[in-house]
1. Taking 8 Å as the Cα distance limit and 6 or more residues as the minimum spacing, I'd like the relative contact order of the chain as a percentage.
2. How big is the gap, in Å, between the Cα center of the range 30-97 and the Cα center of the range 131-163?
3. With labels modelled as points extended 7 Å from the Cα through the Cβ direction, what inter-label distance (nm, one decimal) is found for residue 197 paired with residue 150?
4. Taking 0.36 nm per residue of separation and subtracting the Cα-Cα distance, what length does fully extending residue 314 through residue 30 add?
5. If you take the alpha carbon radius of gyration of the range 128-222 and divide it by 2.2 N^0.38 Å, what ratio comes out, to two decimals?
6. Of the cross-linked pairs 230/290; 335/367; 103/147; 77/304; 98/290; 40/376, which ones have a Cα-Cα span greater than 24 Å in the structure shown?
7. Cα-based Rg (one decimal) and Dmax (whole number) for the range 11-122, in Å?
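What follows is calculated from the coordinates using simple rules that are stated; it is not laboratory data. Everything numeric here is computed off the predicted structure, so don't read it as measured data. Here the Cβ positions follow ideal geometry from the backbone for every residue, glycine too, while neighbour counts run over all protein chains shown.
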Amino acid sequence: EAQIESTVTGNQSIMTTTEKDSALKDQSQIYLPINNALSKVGHVHGFLEEIGQGVQHVASRVGNIIDFVQQANDRRKMFGEGFTFLNIPRSYYGILTKEMLVKGISRQNELTSTTQDILSLECAHAVYDICISERLLNDDCSLILDKSEDLIQHTIDSNIPSLYQEEYSLNRDRVVETILHSRYANLYNLLRDHLSEDSYVAIVRNQILVDVQGEDLLFQIFTSNILQRKSGEEAPFFEFIQRVCSECMGADGCPKKLKPGCGGFGIRNFLTLFLSIEVTKAMLEASNAKDSGDIAAYAFAQRKVDLFTEQLNESNPLLTEISDAMTREGMAREKIAASSAGSLCQEEKKDDCEKWMLVAEKEYLAKAGANEKLMKCNLKYKNLMKELRESQ
């Protein structure tokens, strides 16, 4: 039921450079998000009630976020203290579905037909049931990360019904590849071959959020509360980011200039942050209720976890639509600015200017349409959470 008003303000840095280190260290680009609670539910309202107005979190840039988070997690396990991070549902990264086993993986640069199914629906059902019954999958149908390629293949080989043995054997390699790919399928649809398989898996394992703006990437992760007075109370937290600027070449054959804020603000992950905070709190409630043997409280908390996760799954593609439309609209407006003088297009560039004006208008409408769908999605889950609360 939590509703917030979020405004992101900042400047438009004019600094550009071809030196990656200079762009990443430059501090001329400022992003300042301001959050305000519109309902008396949720962590923003709780923060304002318990602590008052102030800084909720601060972002710090790191050189390699995968190494940084892995080291933090390893140290916490070894010494029993250190940063903990928000729980990001595995569905953010990818889960295994029967349809995925039927269709296989769609590769970005694959020249051969990718529309040919690799399994019949019946055989896919059999493989999927094996993955569940043999505990290759978590409860949310995401592949357990420690399951190796050899183990997956051996498990299916040993359990596939004779009726589907031949069909499965003919496509064994692609089936196993698809199951492994499911670990990061959603990220791959967004980033394609920007990252290696090892990098994708490390991102999933360490629960790192990813956003893309044009050819630039932004990695983000958020700690759990720090400086917390008591368990369950609101408190500030840290954000760590890594910007990966594109290394594209311009039309002149020279490297394109980099901007200090490459990768943007992470608009695609904005709702993910707030939902993951609520998921983490609900998971803690569920764990405490389970430990105390309170079955009703556990069921209530687990239902909250499920609703927040479902909202994240439904919102994610809409947020991607909004982010992509914003990026394309921004690029179009840059083209308009480059081909205009004052408020009027230069005569010799008029055709280009008008073309980009049409693109900007199209993407503006696409962004507005996706925003409308997101609002409907949020209203749907607001009502579901209200029904859940009132059922207590």
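1. About 18 percent, as a whole number.
2. 32 Å
3. If labels sit at residue 197 and residue 150, their model points lie 1.5 nm apart.
4. Gain on extension, residue 314 to residue 30, equals 99.2 nm.
5. 1.25
6. Among 230/290; 335/367; 103/147; 77/304; 98/290; 40/376, the Cα-Cα distance tops 24 Å for 77/304; 98/290.
7. Looking at the range 11-122, its Cα Rg and Dmax stand at 22.5, 59 Å.
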